[in-house]
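Input: a single structure, listed below in structure tokens.
The values are calculated or read from the model by the stated rules, or taken from the named source; none is laboratory data. Not measured: the values here are computed from a predicted model. Note that each Cβ is placed from the backbone with ideal geometry, even for glycine, and that neighbours are counted across all protein chains shown. Heads up: the accessible areas ignore ligands, DNA and RNA and are worked out on the full protein's heavy atoms, side chains in. Shrake-Rupley method; radii C 1.70, N 1.55, O 1.52, S 1.80 Å.
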Amino acid sequence: MDTADERLHLLERLLADTKRDPGPRILVPAHLQPPPHEGPSIALPAPAGPRLALDDVLAERTSTRDYAPAAMSAEDLSALVAAADRMDARGWAGEREAGVGLELYCAAWRVTGVDTGLYRYLPEQSALRRVASLPSGAQAEELVLQREFAQAPALLVITGNLAGALARHGSHGHRLLLSRAGAAGHAAWLAALRLGLVGTVFAGLLPHVLRERVGADGYHRAPLFAFAAGHPAPEWTA
Ligand SMILES: Cc1cc2nc3c(=O)[nH]c(=O)nc-3n(C[C@H](O)[C@H](O)[C@H](O)COP(=O)(O)O)c2cc1C
């Protein structure tokens, strides 16, 4: 088989896998679920409402990796995480019901009323559960592949249950999880733009950091995607 044939064959297999009938609804068993987190939780305020029209901000959307020192309000953070969760709830309700969840984490360095730390978002309670501490300043840069992301007031980090997705869909489950994480991350980004914030999605996560701090073993809890957000640095303001 030459290279072109091999590629065609691979594409055919991918397509067949995508269309594969998962048969009766497969509920993900408990042993394939990520372990729960313990820890104190804090209530988030109601999400801030959009300040700008999507039409007005979409044309200007671009990845921004420099942020002003200003803190993000907890209301704004609440809006970002709620938008990400809403996107997944509306788009993939069946996956969630079957036990294939996305988990949303927030690395908060400068969020008003929220101590620096790594938190799991609890959408049903509109709350953050503290799961780990986070260093600040230069030490924070060791937690990320690109140091500029440690300068953001907050990061949204999305993980998913790869074990459950594979059990339910075969290898298509991984692609499905990546699509869901992409949609959730971009929903947070659009919500941020409408609040006058800037940011970028990114996938350059350091697996060992998430393994140590949130128990992301890459299988039951697999790091997928992230969004860094903040106020625009002065040179970006009009
Ligand atoms: C799957 C994915 C992974 C990405 N990973 C990174 C990353 O690790 N670091 C980064 O700076 N940007 C990352 N990005 C952001 C892209 O670089 C950015 O969206 C692209 O440069 C488009 O730029 P624009 O928004 O200005 O058009 C990623 C984007 C996607 C969709």
Handout entry: With at most 13 neighbouring Cβ atoms within 10 Å, loop GluC sites (Glu not before Pro) (DSSP) excluded, longest segment of the chain
Key = 61-238
Problem - Accessible area in square angstrom per residue, the chain, 1.4 angstrom probe - result: 50 Å²
Practice task
Return the calculated 222 nm mean residue ellipticity for the chain, to the nearest 500 deg cm²/dmol, obtained by summing -39500 (n - 2.57) across DSSP H runs with n ≥ 4 and dividing by the residue count.
Solution key: -11000 deg cm²/dmol
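Before anything else, pin down the relative contact order of segment 42-194: Cα pairs under 8 Å, at least 6 apart, normalised by residue count, whole percent. Don't jump to the answer; show the numbers that get you there.
Details: 247 pairs, mean separation 49.4, N = 153.
Reported as a whole number, the value is 32 percent.
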Practice task
Taking the dipole about the Cα centre of the chain, with the C-beta of Lys and Arg at +1 and of Asp and Glu at -1, give me whichever of VAL28, LEU77, ALA43 is farthest to the positive side.
Solution key: VAL28
Fill in the blank from the handout: Diffusion coefficient in µm²/s returned for the chain by Stokes-Einstein, Kirkwood Rh over C-alpha pairs, 25 °C and 0.890 mPa s, is 132 µm²/s
Exercise for the section: Give, to the nearest whole percent, the P(r) tail of segment 131-227 beyond 16 angstrom, counting all Cα pairs. Expected result: 59 percent
Exercise for the section: Any chance you could check the Cα centroid distance between segment 50-107 and segment 205-238 for me, in angstrom? Expected result: 13 Å
Fill in the blank from the handout: Sorted by chain and then number, the residues having a modelled amide H within less than 5 Å of the amide H of VAL131, at least 5 places away or on another chain, are LEU118, TYR119, ARG120
Practice task
At 1.4 Å probe size, with no ligands or nucleic acids counted, give the accessible surface of MET87 in Å², nearest ten.
Solution key: 80 Å²
Exercise for the section: With θ set to phi - 60°, apply the Karplus curve 6.51 cos²θ - 1.76 cosθ + 1.60 along segment 70-77 and write out the HN-Hα couplings as whole Hz, x wherever there is a Gly or Pro. Expected result: 4, 6, 8, 6, 5, 5, 5, 4
Exercise for the section: Treat every Asp and Glu Cβ in segment 66-236 as -1 and every Lys and Arg Cβ as +1, leave all other atoms uncharged, and give the resulting dipole magnitude about the Cα centre to the nearest 20 debye. Expected result: 420 debye
Problem - Per-pair calculated FRET efficiency, R0 = 30 Å: ASP55 and SER171 via Cβ, rounded to 0.05 - result: 0.20
Handout entry: Per-residue HN-Hα couplings for segment 192-203 [Karplus 6.51, -1.76, 1.60; θ = phi - 60°; Hz; x = Gly/Pro]
Key = 4, 4, 6, 9, x, 8, 10, x, 8, 7, 7, 10
Completion exercise
Whole-Hz Karplus couplings 3J(HN,Hα) for segment 29-41, θ = phi - 60° and coefficients 6.51, -1.76, 1.60, Gly and Pro as x, run x, 4, 6, 9, 8, x, x, x, 9, 9, x, x, 10
Fill in the blank from the handout: The correct ranking of HIS186, HIS37 by accessible area at 1.4 Å, largest first, is HIS186, HIS37
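Keeping every protein chain in place, order ASP88, ASP56, ASP2 by accessible area at 1.4 Å, biggest value first, i.e. largest first.
Numbers: ASP88 0, ASP56 110, ASP2 90 Å².
Heavy-atom accessible area, descending, gives ASP56, ASP2, ASP88.
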Exercise for the section: Name the residues whose placed amide hydrogens come within less than 5 Å of the amide hydrogen of PHE225, ignoring near sequence neighbours (fewer than 5 apart) on the same chain. Expected result: ILE158
Practice task
Mind checking which of LEU195, GLY173, LEU224 is farthest towards the positive end of segment 168-224's charge dipole, using Cβ charges of +1 (Lys, Arg) and -1 (Asp, Glu) about the Cα centre?
Solution key: GLY173
Practice task
Over segment 66-236, with every protein chain in place, what whole percent of the accessible area is carbon and sulfur at 1.4 Å, could you tell me?
Solution key: 53 percent
